[in-house]
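The values are calculated or read from the model by the stated rules, or taken from the named source; none is laboratory data. Everything numeric in this text was worked out from a predicted model, so none of it was measured. Cβ placement follows ideal geometry from the backbone for every residue including glycine, while neighbour counts extend to all protein chains displayed.
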Amino acid sequence: MITRAGTSRRQLDRTIAEARGGPAQGGRRGLRRHASITNTLFLIPAFVFVAIFSIYPMYILIEMSIARVGIADILGVWPYVGLGNFSEILSDPTFRQVAVQTVILVGGIVIVTLVAGLVAAFLLRAQTRFNAVTQTLMVLVWVLPPVIVGSLWKFLLSSDGVFNTVLLWLHVIREPIAFLADNGVALAAVAMVMLWTGLPFAALVLKAAMLDISPEILDAGQVDGASNWQIATRIVIPMIRPAVLTLAILILVGAFKTFDLIYVMTQGGPGTSTATVPYLGYVSAFRDYNFGIAAAMSVVAMIVVLIMSGIYVWALRREERS
Amino acid sequence: MVRVRQAALAAAAAVCLALAGCNVASPSSSTSGPAGSGGASESSAGSPATGGASSGPGSASGSVSASGGASGSTSASTSGSASAGNAPQGPEEIPGISLAPLAAPANLSKDVKATVTVWSYEDPKTPWIQSLIKRFTDVYPNVTVNWTYVPFGNLVSKLLATATAGGAPDAVFGAPQFTAQLAQAGLVGDMSAYWNQFPDRSEFPDSVVWKINGKVGAVQGYVNTGGIVYNKSIITKAGVNPLPTTLDEFTAAFKKIKDAGYQAFAMGATNDATTETQVLPYFLGLGENYGTFTEKGAMTVFGAIDSWVKDGYLSKDATGWSINDATNNFMAGKIGFALAGPWEVPALEKSKVDFGIIPMAGGPAGQHTVPGGEGFSVLSESQQPQLAFELFQYGLLSQAAGKDIFEQAGQIPARKDLSGQPWLTKDPNIAEYVKIVAHMQNRPPYPGIVEAAVKFSGIVNALVGGQDTPATATQQLLALQKTLTK
């Protein structure tokens, strides 16, 4: 490009750069290239790691999902069946039932965890000794291994467990409820335990986000006569929206792929009433040795997770832009 | 390419697991948790395996051309009451499954230095496994035995994953149905040559020598099965007399016990293989088995179980209980009847409960159970196949081993020459199991019988938990049978 004065843009850039005491455009480009190469070199180990431990296995998983792979074929040639496995699982009433209850479970967990997390975060905002102790206990709950949590709740929720004992003592119920063994309540009981384990994390994240809000803004709201409800809904929640969004996606993905709690507490039962799609995939692979079907289920689960991740990235960028 | 793909299988499985989020130590090792809460079905190393687990489809012999029928010719057959006339029918040759050839037997020096690796869900710390290893190392003092504990539910999948990447053990010791499954994947070696050189082989009935298309794939050193333990004090208070023998009589007895203020019955109804072993006997009593299940029979059995739950005789918590959990709850002294295996007798005798043992409910065709117990297999990739075989030859199959395992683990030795030993029938409770063992019946060796047994368990689990009714459970069982026999 030639300027009106007949000086090339490159020369102009160089002159400006020299005047600023920095390198010229060409030098800057060289630096950029150098930086780009350096960045690439630093990325290679991570890329190799991801390629070996994620991308290639995913390729194998997809290959398995379009083949008939049972225990007899697992170490040999996998007969190609096209989309037969997908067709089979989609026409399987058990899979459809499990898919529906997975949506209900995950949706319920996300909503209740966020609402309860917001309430807990509001309550924990004040810097009191009681709140400090409460938060410490919440962190303790959060760091407990799921296997221990599952075993603990299995004990508490059994027919002769603490919950039934108390409810019977209070005459709330006349017969013990097998919370984890009754088809009617097992899913809700599992969801409750998942909520119990997820709530501390949600509350702590939301509380941290709330602490980022300038006290002056809240004071201004109070001076203007806003009620606590209005401050919460009109000031606090809009201001922590990015954190809520991120948290929602994390809870959603976490709930979707929950395995350990289900395995320990119910093994997906009774029947399949507490199974989720990923758990059903596990059962198909490692109990029924139906690897092709399990791979197809895992691919479906992977697609769901990818869609969620896509929504998360899109929403995050939208928030950043706004 | 196929090899590369095989090598990547473990990683693919890892992705599958990652998607499932199953980064969990098996609860078998970590959920021994609260007493009575059940924990995982394969909890507490060792015993459930021999019990709940192994008496399960273990004997489902799967595609193993099991000797069909009762193993009445074991030492238990001293009662002479083996019901061998009901051998189930199934395919004799399983196409596409073969055992891999192993190195020919050789004269090994007793000073040979080597390492033999074994994977099992039996805990190597238990005295009887320690004794098993010692009997072998007394003969081969320079051989090291690496006995690795792998939870029952993970044994096959871990072996499959390891086989793809190399590093599989020399032998596996577990429920014989694993042999059937591993053989389908080509991982089991043909032990026929070693077996045929074993001088005492004639002491073992055919029923404990698991053959696949005529080749020896696994051998059991002992057998076990399930029975019903009853609390003498409770049934006396409840007025249960005589002791029940049929489903209807058990149901009537349960009612009396509940009316007397006790929980009537405890069994395991988990969503894994062990549950089938506790329910199939009811079908055997009706003269039905895989391939011969009828709507009437299924409605009878499932209807009875459903009524036990609905009438409060059997807690829905059973969906989370293994057989051992049922027995543990029984030992608290508030349950009238419970499923239990002979491996539980030592613990039961230490408890304060005054108990007796009777066979499971039967019917017009008699009272039967399905056989259980552990067997060993030498794997096809073994570096020390002969030593692996001899480990069990000395450690499991010898006369001394039979007595030790009986005394230390409550398992009934399979050797015929131990059948008249006074120590075998000295304990009246074990003697009851010896009688029960004599009436065992096996499942027909259909390919896929193992997977069918697991699905059978799932049907019962859903029935007990209320997800299914007797009618829907029956439909599912008949559909399962149709697929199995197709």
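Restricting attention to the range A:139-149, does a residue exist that is out of contact with any Cys (no Cβ under 9 Å at 6 or more places or on another chain), within 14 Å of chain B (Cβ to nearest Cβ) and not hydrophobic (A, V, I, L, M, F, W, C)? Within the range A:139-149 (the criterion being out of contact with any Cys (no Cβ under 9 Å at 6 or more places or on another chain), within 14 Å of chain B (Cβ to nearest Cβ) and not hydrophobic (A, V, I, L, M, F, W, C)), the answer is yes, since at least one residue qualifies.
Answer yes or no: is there a residue in the range A:233-255 that is crowded, with 18+ Cβ neighbours inside 10 Å and of a type outside the set (A, V, I, L, M). Yes, the conditions are met somewhere in the range A:233-255. For the residues B:E390, B:E381, the requirement of being more than 30 Å from B:I358 (Cα to Cα) and outside any helix (DSSP H, G or I) singles out B:E381. Number of residues in the range B:445-456 that are modelled with pLDDT under 85 and either touching a helix residue (DSSP H, G or I) at 6+ places or on another chain (Cβ under 7 Å) or more than 14 Å from chain A (Cβ to nearest Cβ) (or both): the value is 5. Number of residues in the range B:284-327 that are touching a Pro at 6+ places or on another chain (Cβ under 8 Å), in a helix (DSSP H, G or I) and over 15 Å from B:L247 (Cβ atoms) equals 4. Criterion applied to B:V145, B:V139 was being aliphatic (A, V, I, L, M), surrounded by fewer than 19 Cβ atoms within 10 Å (Cβ to Cβ) and at pLDDT 90 or above, and the one residue passing it is B:V139. Of all positions in the range B:176-185, at least one carries a residue that is under 19 Å from B:L99 (Cα atoms) and either of a type in the set (K, R) or away from every other protein chain (no Cβ under 14 Å) (or both). Can you find a residue that is buried (at least 16 other Cβ atoms within 10 Å of the Cβ), touching a helix residue (DSSP H, G or I) at 6+ places or on another chain (Cβ under 7 Å) and either over 28 Å from A:R96 (Cα atoms) or not hydrophobic (A, V, I, L, M, F, W, C) (or both) anywhere in the range A:299-307? Scanning the range A:299-307, I find no residue that is buried (at least 16 other Cβ atoms within 10 Å of the Cβ), touching a helix residue (DSSP H, G or I) at 6+ places or on another chain (Cβ under 7 Å) and either over 28 Å from A:R96 (Cα atoms) or not hydrophobic (A, V, I, L, M, F, W, C) (or both), so the answer is no. So in the range B:125-136, with the set limited to residues that are at pLDDT below 95 and within 14 Å of B:F173 (Cβ to Cβ), which one is surrounded by the fewest Cβ atoms within 10 Å (Cβ to Cβ)? My answer is B:T126. Any residue that is outside any helix (DSSP H, G or I) and in contact with a Ser or Thr (Cβ under 7 Å, 6 or more places away or on another chain) - is there at least one of those in the range A:161-176? Scanning the range A:161-176 turns up at least one residue that is outside any helix (DSSP H, G or I) and in contact with a Ser or Thr (Cβ under 7 Å, 6 or more places away or on another chain). Could you please find all residues in the range B:393-416 being of a type in the set (G, A, S) and not in a helix (DSSP H, G or I)? Result: B:S398, B:G410, B:A414. For the range A:151-163, enumerate the residues that are crowded, with 21+ Cβ neighbours inside 10 Å and more than 7 Å from chain B (Cβ to nearest Cβ). Hits for the range A:151-163 are A:W153, A:L157, A:G161. Quick one: would you say A:S298 is over 19 Å from A:G150 (Cα atoms), of a type in the set (S, T, Y) and either touching a Leu at 6+ places or on another chain (Cβ under 9 Å) or more than 10 Å from chain B (Cβ to nearest Cβ) (or both)? Against the criterion (over 19 Å from A:G150 (Cα atoms), of a type in the set (S, T, Y) and either touching a Leu at 6+ places or on another chain (Cβ under 9 Å) or more than 10 Å from chain B (Cβ to nearest Cβ) (or both)), A:S298 qualifies.
Results for (1) modelled with pLDDT under 95; (2) more than 25 Å from A:P176 (Cα to Cα); (3) more than 24 Å from the chain's Cα centre (by Cα), shown as yes or no for each residue.
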{"residue": "B:T245", "(1), (2), (3)": "no, yes, no"}
{"residue": "B:E249", "(1), (2), (3)": "no, yes, yes"}
{"residue": "B:A253", "(1), (2), (3)": "no, no, yes"}
{"residue": "B:A260", "(1), (2), (3)": "no, no, yes"}
{"residue": "B:A273", "(1), (2), (3)": "yes, yes, no"}
{"residue": "B:F283", "(1), (2), (3)": "no, yes, no"}
{"residue": "B:F293", "(1), (2), (3)": "no, yes, no"}
{"residue": "B:M299", "(1), (2), (3)": "no, yes, yes"}
{"residue": "B:G303", "(1), (2), (3)": "no, no, yes"}
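Name the residue, out of B:K232, B:K256, that is closer than 29 Å to A:D160 by Cα, out of contact with any strand residue (DSSP E or B) (no Cβ under 8 Å at 6 or more places or on another chain) and of a type in the set (K, R). Only one candidate passes the filter, namely B:K256.
Summed over the range A:164-191, residues that are closer than 25 Å to B:L314 by Cβ and crowded, with 17+ Cβ neighbours inside 10 Å total 14. If you go through the range A:254-265 and keep only what is more than 8 Å from every other protein chain (Cβ to nearest Cβ) and aromatic (F, W, Y), you end up with just A:F256. Evaluation of B:A269 against the conditions (1) under 18 Å from B:E432 (Cβ atoms); (2) crowded, with 21+ Cβ neighbours inside 10 Å; (3) touching a residue at least 60 places away in the same chain (Cβ under 8 Å); (4) aliphatic (A, V, I, L, M) shows that the sole unmet condition is (1). The single condition from (1) surrounded by fewer than 21 Cβ atoms within 10 Å (Cβ to Cβ); (2) within 27 Å of the chain's Cα centre (by Cα); (3) over 15 Å from B:S377 (Cα atoms); (4) modelled with pLDDT of 90 or more that B:T117 fails is (3).
Set side by side, the residues B:K237, B:K232 differ, and just one is touching a Phe, Trp or Tyr at 6+ places or on another chain (Cβ under 7 Å), more than 26 Å from B:Y121 (Cβ to Cβ) and surrounded by fewer than 23 Cβ atoms within 10 Å (Cβ to Cβ), which is B:K232.
Criterion applied to A:G292, A:G281, A:G268, A:G310 was being buried (at least 22 other Cβ atoms within 10 Å of the Cβ), without any contact (Cβ under 8 Å) to a residue 40 or more places away in the chain and either more than 7 Å from chain B (Cβ to nearest Cβ) or not in a helix (DSSP H, G or I) (or both), and the one residue passing it is A:G268. Screening the range B:256-266 for residues that are small (G, A, S) and surrounded by fewer than 24 Cβ atoms within 10 Å (Cβ to Cβ) and picking the one that is farthest from B:K316 (Cα to Cα) gives B:A260.
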